[in-house]
Structure formats: structure tokens, C-alpha cells
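As C-alpha cells, the structure follows; a few thoughts come after it.
The values are calculated or read from the model by the stated rules, or taken from the named source; none is laboratory data. Worth saying up front: this structure is predicted, and the values here are computed from it rather than measured. Reconstructed Cβ throughout: ideal geometry from the backbone, glycine too, with neighbour counts over all protein chains shown. The area values use the complete protein model at the heavy-atom level, side chains included, leaving out ligands, DNA and RNA. Shrake-Rupley method; radii C 1.70, N 1.55, O 1.52, S 1.80 Å.
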Amino acid sequence: MYRMEAVKGIDMCDSRVSYGSVDFTKDDLVSQDDPYAQFNHWFKQAKECDAIAEPNAMAIATCSANIPSVRMVLMKWIGPNGLVFFTNLCSRKGRELEDNPNASVVFYWPPLHRQIRVEGKVKKLSEEESTKYFHSRPRDSQISASVSKQSSVIESKVVLRQEHERLKQKYADESVPIPKPPDWGGYIIEPSCFEFWQGHSDRLHDRIVFAQQSDSTWTVQLLAP
Ligand SMILES: Cc1cc2nc3c(=O)[nH]c(=O)nc-3n(C[C@H](O)[C@H](O)[C@H](O)COP(=O)(O)O)c2cc1C
């Protein structure tokens, strides 16, 4: 067991941020049947908040062989079937999702004192949809995705830069499409659970959880903070 004195470093014990005192109850939900309606409502408010640069940034946790790992990705789409993000399918997260399709994501919007957690299984987007989105990205990003075998060990960035430059010249003619790498694509997370969290200065935060039932309807419950 550790004793606190043994943990040298930065002491944040006296850091206290005020979370406001806005109550968030079941009556404040946009809908008690549809967590997507609540997600969209809060997401719109986050988008309108100047202090939130990337409201669509979410941490996604994956777990393989009982070892969890987490990193940020950008949600590019939310629709009635779930949340979409794009990545390298052979990256660490891609390999872990291949092994175990269960994923957990969290959005955190500090200026609003809100977090949303979503849990569900992922499925790959079709090649056609991934290719369509790939070609909607800036050509520079398309080239970067083509040269980077995400999560693999590299000697230095020099080789990547050289390869980037080579492809930039090869595809200088903008009418020539850059082929999508076969190992790059999208995932959709099909949610089985949403949790909406509203922070309070008195630490009696509000937590409202939607859980999907076997008949696809949703139940709503409060959780202790
Ligand atoms: C704000 C932010 C957004 C990111 N968005 C993505 C993304 O949409 N897709 C992606 O593959 N990596 C994204 N990354 C990089 C990942 O966090 C991570 O470094 C990379 O995907 C490799 O993760 P892995 O080795 O666990 O697979 C983002 C990083 C940050 C900080």
C-alpha cells in the first residue's frame, strides 16, 4: 500500500472548480424514451459554446485480454443507429476492437460541467461509406492516413515525411483521387447505454442513465453521484 507522503510530485488536493448549481432531473430530459434526443440537445449546446473547441472529441476505451486502453478520437456522425468515428483498423484500438467489439466512450465539456458516457458494441462501416468520407477529407489528411501505419513503431518521422512528400507529388493533380488505404475506415458504436452527468458545486451531481432493453426500448434511472 502507498502512503501519500511517498507520492512525490504535483499536489492538486486543494484544487476546487465550481460546477454551478443547475439541477438536472428526469423532468429536464428532452425525452424519457429517446437518449439520442437528449444527446443531440446537449451536443448542440456544446457546439454553441465558444469555449469548447472540439465538442465532438471523445475518449474511447477498448479492452482486449483484460487490459483496457483509452485514447481520444473525433465523433464524425451521430444518427439513430449510433456514433461514428474513423481510424486505422490495424491500430491498437482497431486490433482490440477486432478482439472485443465492446467499447466505452466519454465526452467531457468543462465549461458546461457536463459529461456523457456511451457504451456499446462497434461495427465496421462499409468500404463504400469509409471511402466516401475519406475523400471528403483534405488531401493532406488523406496522404497522412496513407503513409501512417498507426500505432506501429517507427525509427523517426523523416521516413514518414519523405513518403508524404512523395505521395503529395504523385497526387499533385487534384482530379486524381487518392486511394483509401484498405486498413483505414470507420466504426459505428451502437449504444446500449447513455449516461448524462451534470456537475454540482456541492458534489451532489446529477446522473441520468438510459439503458436499452431487449425489445429496444430504453429505461431511465438516476444514479447516486
Ligand atoms: C482531440 C484528438 C482527436 C483525435 N482524433 C482521432 C481520430 O478521430 N481518429 C484516430 O485514429 N485518432 C485520433 N486521435 C489520435 C488518438 O488519440 C490516438 O493517438 C491514435 O488513434 C492511436 O491510438 P491507438 O494506438 O490506441 O490505436 C485524436 C487525438 C486527439 C487528442
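Would you mind working out the magnitude of the charge dipole of the chain relative to its Cα centre, with +1 at each Lys and Arg C-beta and -1 at each Asp and Glu C-beta, to the nearest 20 Debye?
780
At 0.36 nm per residue, minus the direct Cα-Cα distance, what do Ile10 and Ser156 gain on full extension? Give it in nm, one decimal, please. Walk me through the numbers before you get to the answer.
Working: separation 146, 0.36 × 146 = 52.56 nm, distance 3.17 nm.
Stretched out fully, the Ile10 to Ser156 stretch lengthens by 49.4 nm.
When a/c is below 1.5 the answer is rounded, else prolate if a/b is larger than b/c, else oblate, so apply that to the chain with a ≥ b ≥ c taken from the square roots of the Cα gyration tensor eigenvalues. Walk me through the numbers before you get to the answer.
Values: a/c = 1.94, a/b = 1.49, b/c = 1.30.
Verdict is prolate for the chain.
Which listed residue (Ala145, Val30, Met72) has the Cα farthest towards the positive end of the charge dipole for the chain, taking +1 on Lys and Arg C-beta and -1 on Asp and Glu C-beta about the Cα centre?
So the residue we want is Ala145.
³J(HN,Hα) across segment 114-121 via Karplus (A = 6.51, B = -1.76, C = 1.60, θ = phi - 60°), whole Hz, x for Gly/Pro?
Result, ordered by residue: 10, 9, 10, 10, 9, 10, x, 9 Hz.
How much length, in nm to one decimal, is gained on full extension between Ile67 and Gln213, taken as 0.36 nm per residue of separation minus their Cα-Cα distance?
Full extension from Ile67 to Gln213 adds 49.8 nm.
As a quick test, which of the pairs Lys47/Lys180; Lys44/Lys124; Lys149/Lys180; Lys44/Lys180; Lys26/Lys76 have an alpha carbon distance above 22 angstrom in this structure? Walk me through the intermediate numbers first.
Values: Lys47/Lys180 30 Å; Lys44/Lys124 26 Å; Lys149/Lys180 13 Å; Lys44/Lys180 31 Å; Lys26/Lys76 28 Å.
Over 22 Å Cα-Cα: Lys47/Lys180; Lys44/Lys124; Lys44/Lys180; Lys26/Lys76.
So what is the 222 nm mean residue ellipticity for the chain from helices alone, if each DSSP H run of at least 4 adds -39500 (n - 2.57) and you divide by all residues, rounding to the nearest 500 deg cm²/dmol?
Working: 5 runs with 55 residues, N = 225.
The per-residue figure over the chain is -7500 deg cm²/dmol.
Within the set of other residues whose C-beta is less than 15 Å from the C-beta of Ile52, count the net charge using Lys and Arg as +1 and Asp and Glu as -1. Intermediate results must be reported in sequence, preceding the final value.
Details: positive: Lys44, Lys47, Arg114; negative: Glu48, Asp50, Glu54.
Net of charged neighbours comes to 0.
Round to the nearest 0.05 the FRET efficiency obtained for Gln169 and Val17 when R0 = 45 Å and r is the Cβ-Cβ distance. Present the calculation step by step, with values, prior to reporting the outcome.
On the way: r = 50 Å, r/R0 = 1.10.
That pair, Gln169 with Val17, gives E of 0.35.
Net charge within 12 Å of Tyr133 by Cβ-Cβ distance, Lys/Arg positive one each and Asp/Glu negative one each, not counting Tyr133 itself?
On the way: positive: Lys76, Lys132, Arg137, Lys180; negative: Glu127, Glu128, Glu129.
Neighbour charge sum, excluding Tyr133 itself: +1.
Order these peptides, 64-70, 86-92, 175-181, by their mean beta-carbon neighbour count within 10 angstrom, highest first.
Details: 64-70: 10.1, 86-92: 18.9, 175-181: 13.3.
Descending mean neighbour count gives 86-92, 175-181, 64-70.
Taking 35 Å as R0, compute the FRET efficiency from the Cβ-Cβ separation of Glu190 and Met1 and round it to 0.05. If you can, show how the numbers build up before the last one.
Values: r = 41 Å, r/R0 = 1.17.
Plugging the Cβ-Cβ distance into 1/(1 + (r/R0)^6) gives 0.30.
Just flag the trypsin sites (Lys or Arg not before Pro) in segment 117-206 sitting in loop per DSSP whose Cβ has no more than 16 other Cβ atoms within 10 Å.
Details: sites: Arg117, Lys121, Lys123, Lys124, Lys132, Arg139, Lys149, Lys157, Arg161, Arg166, Lys168, Lys170, Arg203; in loops: Lys149, Arg203.
Answer in residue order: Lys149, Arg203.
Using a cut-off of 13 Å between beta-carbons, work out the net charge of the residues near Thr217 (Lys and Arg +1, Asp and Glu -1, Thr217 not included).
On the way: positive: none; negative: Asp33, Asp34, Asp215.
Within the 13 Å Cβ shell, the charges total -3.
Run through all the Cα pairs of segment 1-92 and give the fraction in each 5 Å bin from 0, expressed as whole percent.
The calculated distribution, bin by bin, is 2, 8, 12, 15, 15, 16, 13, 10, 7, 2, 0.
Rounding to the nearest 20 debye, state how big the charge dipole of segment 7-62 is about its Cα centre with +1 on each Lys and Arg Cβ and -1 on each Asp and Glu Cβ.
220
In segment 103-222, what is the volume of the convex hull around the alpha carbon atoms, normalised per residue and reported in Å³? Each step should come with its number before you reach the end.
Working: hull volume 20.8 nm³, N = 120.
Convex hull of Cα atoms, per residue: 174 Å³.
Whole-Hz Karplus ³J(HN,Hα) for segment 7-17, in order, using 6.51 cos²θ - 1.76 cosθ + 1.60 and θ = phi - 60°, x for Gly and Pro?
Each residue's phi maps through the Karplus curve to give 8, 7, x, 7, 9, 10, 4, 8, 7, 9, 9 Hz.
Carbon and sulfur: what percent of the chain's accessible surface (1.4 Å probe)?
On the way: 7460 of 14040 Å².
Heavy-atom surface of the chain belonging to carbon and sulfur, 1.4 Å probe: 53 percent.
Could you calculate the contour length gain from Leu204 to Arg139, that is, 0.36 nm times the residue separation minus the distance between their Cα atoms, to one decimal place in nm? Kindly include the intermediate steps, with their values, before the conclusion.
Values: separation 65, 0.36 × 65 = 23.40 nm, distance 4.77 nm.
Contour length minus Cα-Cα distance gives 18.6 nm.
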